[in-house]
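This report refers to the structure that appears directly beneath it.
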Amino acid sequence: MDQLKRQAAARALDEVRDGMQLGLGTGSTAKHFVELLGERVAAGLKVIGVPTSEATRADAERCGVKLTTLDEIDHLDITVDGADEIDPELNLIKGGGGALLREKIVAAASDRMIVIADDTKWVPMLGKFPLPVEVIPFGLGATRRAIEKAFAECGVSGQMAVRKAKDGHVFVTDGGHWIVDAQLGRIADPASLAKALSAIPGVVEHGLFIGLASSAVLAGGEGIRVIERRKPKGD
Ligand code: 5RP
């Protein structure tokens, strides 16, 4: 599996040109991309990156990739990031690694988002992977009730749980927030659910990435498949 992730990362690297400003995703697949990018930088490629997490910042620094922020530059050419699920419209569930907020800010600031994954992430319908919803700890009970209401209005339901870190304490995001993971099973209308969740005051962000991915590079036993999104970004 790790080899497939690296193959997808290597294929995305073919899209990178000298002088590009890159969004650097988070997770085990994105980490392969950062490592391969670092090898190209060592060989003379000139790029600058914006990391989507403190973990990716550390990886990029270790690999010699020069970093900047979205305050210093006004756009990104390409963001390369992993995903937890990818549907045929290239809508995504992200946030398994807890970096969804910065990942979405960076993806939205990019001309193109290339999703890299092994092909087990390709699904006919989103929802089997628990949907991460990043929340403010204050007033969590009210926020949970509002999320449940949004779920009901969008025809989905399922158990919700505050994410725990490996040490058993509540998982805290890079932004200082918590994550509620919702086991929904099937999300028939991800765009409507995304809108409903975004309208809840205690929700900082959610893991539905709608209309952000431009292409997906899927590595599997049969080789690599590149799927291009037909609709323009944001649709
Ligand atoms: C982190 C993410 C990751 O991209 C997603 O969880 C996939 O991770 P991996 O490449 O390790 O399977 O959204 O917030």
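With the helix formula -39500 (n - 2.57) applied to DSSP H stretches of n ≥ 4, the chain reaches a computed 222 nm mean residue ellipticity of -9000 deg cm²/dmol.
Spin-label model, LYS46 to GLU89: label points 7 Å out along the Cα-to-beta-carbon direction sit 4.2 nm apart. What is the calculated FRET efficiency for PHE171 to ARG17, with r their C-beta to C-beta distance and R₀ = 30 Å, to the nearest 0.05? Here the calculated transfer efficiency is 0.25. Stretching the chain fully between ARG62 and VAL226 yields a gain of 56.1 nm (0.36 nm per residue, less the alpha carbon separation).
Counted over the chain, the DSSP beta bridges are approximately 55% antiparallel.
Converting phi to 3J(HN,Hα) with the Karplus coefficients 6.51, -1.76 and 1.60 and the offset θ = phi - 60°, the range 216-223 yields 10, 10, 10, 9, x, x, 8, x Hz in sequence order, with x at every glycine or proline. What does a probe at THR120 reach in the range 204-225, counting residues whose amide N is under 18 Å from the point 7 Å along Cα→Cβ? Under 18 Å, as judged by backbone N against the label point of THR120, lie 217-225 of the range 204-225. The range 35-74 and the range 76-104 have Cα centres separated by 18 Å. Within the chain, the longest run free of GluC sites (Glu not before Pro) that sit in a DSSP loop with at most 11 other Cβ atoms within 10 Å is 73-221. As a proxy for reagent exposure, ranking VAL34, VAL180, VAL80 by other Cβ atoms within 10 Å from fewest up yields VAL180, VAL34, VAL80. Taking ASP84, ASP71, ASP189 in turn, the Gaussian network model of the chain (Cα-Cα springs below 10 Å) assigns the largest fluctuation to ASP71.
In terms of distances greater than 32 angstrom between alpha carbons, the cross-link table entries LYS46/LYS166; LYS46/LYS128; LYS31/LYS195; LYS164/LYS231; LYS46/LYS164 yield LYS46/LYS166; LYS46/LYS128; LYS164/LYS231; LYS46/LYS164.
No value in this document is a laboratory result; all are computed from the given coordinates. Predicted model only: the values in this text are computed from it and were never measured. Here the Cβ is made from the backbone with ideal geometry for all residues, glycine too, and neighbour counts use every protein chain on show.
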